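Inspection log for the structure reproduced underneath, given as structure tokens.
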Amino acid sequence: MLTVPVFIEMALVMMLGAVDTVMLSRYSDNSVAAVGLDNQLMSLVFLVYQFFSMGASILCSQYIGAGLHKRLVQVVGMALVVNLMLSMTVSALLFLYAEELLQLMGLRPELMGDGLVYLRLTGALSFFQALSLTFSASLRSADKVIYPMVVTGIVNVLNILGNYALIFGHWGCPQLGVEGAAIATAVSRIIASLLLAAIHFKVHIPRFPLHYFRPIPWQELRNLLLIGVPAMSENISYCLSQVVITFFINQISNEALAARTYCHNMIMFVYLFCLSITQGGDILVGHLVGQRRHQAAYVLGNYFFRWSMIITLTGSAILAISGKSLLSAFTDNQDIITMGVWVLIIDWFLEIGRTSNIFAVSTLRTTGDAIYPVVVAIIFNWTIAVGVSYIIGIPLGYGLVGMWVGFALDENVRGIILMRRWRSGKWRDKGFV
């Protein structure tokens, strides 16, 4: 009941970026490469926005399990206010320094025009996404997972229609290409934020009484920081390492960057199974930790981890087998197709580690054990994912395929270490109730 709506919602969220890639592939491979680099940066920005929403979700699930309604309202209110202030600052910086950021990431001059237009439009209005993430996290923690799913479905339809009209100039609209894709995506995210806000006040928390925040509930802000700072640090470390890796891939060739973008968008829908099962299970794990039923939380966690692994590896195998046909649907460039096929084959081995990481990081964080995963992530993201991948891919000359071998090694090493932490039970005394 929890996992299926979460799966659909997350698939539709990913579709917002993937739809731009698919529809722009009919426009030009260069536009795909530029938008792919932009979306790498926007993924990092959205991880920053998840700083407080992620903490709010974990605290809310534990407070709901313990029946602490006032603390629930306080933590959601604090998360909304602080996230809005943070995201408006970041949005302004993205608009003002878009060109400098893309130059820092090594975007090629021939791609700069498209990359700049897309980043400025989507970045300047990205603070709406921060609000959407917070409202969604609050609703999910209360088992109200159906509402974010429905909103995301509506928004995806609007995004597809907007792309069709504005990229290619249909229905009397101007043909804007990349700019059209950016406008459609930004407007869709604004509508999502407004709908989620209306639903949140209607079905979950109808109001935020001022006396709940007088004096300011510093303890809840502290709890948000105790979860949010390590969670954000772990995610930012991973995403920054991916930005550096994308910079390396950009040095190989435009074809390598396009192949990485196509493969990444397909692979997302494979590990989405693991993400959705983990998020659905972690809602219940949080409730159980709030009730101090630690053994029940451990048994449930192991159960949904097994299903995550089985489903993810099955999906990855199907993707590897059908890789050539799928890539041929996006492009007729044989260099891109050949690289992409090998990447999808190697990715099956990568998903073993990624599934373990997604489960262990998220579930440990849900129990309150947020520090350990970030230490492990920072060490291995930069020594193996960046360092080893660079050596294999560029000095040794194995290109994108060699770099993917390095990614697989990073995911699997971290997965082994973090699963040992989960099984040790050291998380049992880390809860907030």
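The table below gives the values:
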| quantity | calculated |
| --- | --- |
| Heavy-atom accessible surface of the chain: percent carbon and sulfur, 1.4 Å | 68 |
| Residue-span extension gain [Trp307 to Ile154] - 0.36 nm each, minus C-alpha spacing | 52.2 nm |
| Accessible heavy-atom area order of Val375, Val151, highest first, probe of 1.4 Å | Val375, Val151 |
| Kirkwood hydrodynamic radius (C-alpha pairs) into Stokes-Einstein, the stretch 65-186, 25 °C and 0.890 mPa s, D in µm²/s | 147 |
| The chain, relative contact order in percent, only Cα pairs under 8 angstrom and at least six apart counted | 21 |
| Hydrodynamic radius of the stretch 105-161 per Kirkwood, over alpha carbon pairs, in Å | 13.8 |
| Share of pairwise Cα separations in the stretch 257-355, more than 17 Å, in percent | 55 |
| Chain lengthening between Ile216 and Val229 when straightened (0.36 nm per residue, less Cα-Cα) | 2.7 nm |
| Arg293 - accessible surface, heavy atoms, 1.4 Å probe, Å² rounded to 10 | 120 |
| Per residue accessible area in Å² of the chain, where ligands, DNA and RNA are left out and the probe is 1.4 Å | 40 |
| Trp348 accessible area, assembled protein chains, probe 1.4 Å, Å² | 80 |
| Kirkwood Rh and Cα Rg combined as Rg over Rh, evaluated for the stretch 1-154 | 1.04 |
| The chain: DSSP helices with Cα axial extent of at least 18 Å and average Kyte-Doolittle hydropathy no lower than -1.0 | 3-25, 29-66, 69-96, 109-124, 127-141, 146-168, 178-203, 218-252, 254-290, 294-321, 334-367, 399-424 |
| Computed E for Val375/Arg428 - FRET, C-beta separation, R0 25 angstrom, nearest 0.05 | 0.85 |
| Kirkwood hydrodynamic radius (C-alpha pairs) into Stokes-Einstein, the stretch 76-145, 10 °C and 1.306 mPa s, D in µm²/s | 118 |
| Whole-angstrom Cα spans of the chain along principal axes, big to small | 58, 50, 36 |
| Rounded to whole Å, sorted largest first: equivalent-ellipsoid semi-axes of the stretch 171-288, Cα gyration tensor | 36, 24, 17 |
| Protection-proxy order for peptides 95-101, 361-367, 333-339, each taking the mean of Cβ atoms within 10 Å per residue, highest first | 361-367, 333-339, 95-101 |
| Within the chain: Cβ-based charge dipole about Cα centre, in debye rounded to nearest 20 (Lys, Arg +1; Asp, Glu -1) | 1900 |
| Mean shadow area of the stretch 339-427 over all directions, Cα convex hull, nm² | 5.4 |
| The stretch 112-199, relative contact order in percent, only Cα pairs under 8 angstrom and at least six apart counted | 40 |
| List Lys144, Lys324, Lys70, Lys202, ordered by accessible area with a 1.4 Å probe, largest first | Lys202, Lys324, Lys70, Lys144 |
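The values are calculated or read from the model by the stated rules, or taken from the named source; none is laboratory data. All values derive from a computational prediction rather than experimental measurement. Every residue, glycine as well, gets a Cβ built from its backbone with ideal geometry; the counts of neighbours run over all protein chains shown. Side chains included, ligands, DNA and RNA excluded: accessible areas come from the protein's heavy atoms. Shrake-Rupley method; radii C 1.70, N 1.55, O 1.52, S 1.80 Å.
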